[in-house]
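Read the figures in this text as sums done on the coordinates, not as results from a lab. Predicted model, so just to flag it, every value in this text is computed and none were measured. Cβ placement follows ideal geometry from the backbone for every residue including glycine, while neighbour counts extend to all protein chains displayed.
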Amino acid sequence: MDLSQKIIAAILAGFFLVALIRVFSSPFRLALKLLLNTLLGFLALGAVRLTAGLTGIALGLNLWNALVIAVLGLPGFVLLLLVQWIL
């Protein structure tokens, strides 16, 4: 391979790398947002668990609560609190 072929190969590899980053950045952002929502929701669940003796409101950690909190984040946590308060 001479120098011009190496330059063309490097440019094509760069374009391929940029295309891969663009293709996989959206799912990665979604997964990162889901992970952040889950973490914030579980921190809020821990805070409710610590104050359950004072407030009388307790939320269990189960699959449905985890899914609601993971998808909706803090608004999902507030939704679970409202449902618990109403029921």
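On the stretch given as region 10-47, residues that are aliphatic (A, V, I, L, M) and over 21 Å from the mean Cα position of the chain (by Cα) total 8.
A residue that is within 28 Å of TRP85 (Cβ to Cβ) and either among the aromatic types (Phe, Trp, Tyr) or touching a strand residue (DSSP E or B) at 6+ places or on another chain (Cβ under 6 Å) (or both) occurs nowhere in region 11-24.
Residues of region 56-67 that are closer than 26 Å to ALA31 by Cβ and in contact (Cβ under 8 Å) with a residue 24 or more places away in the chain: LEU59, ALA66. On the basis of being closer than 11 Å to PHE77 by Cα and among the small types (Gly, Ala, Ser), does ALA44 make the cut? It is true that ALA44 is closer than 11 Å to PHE77 by Cα and among the small types (Gly, Ala, Ser).
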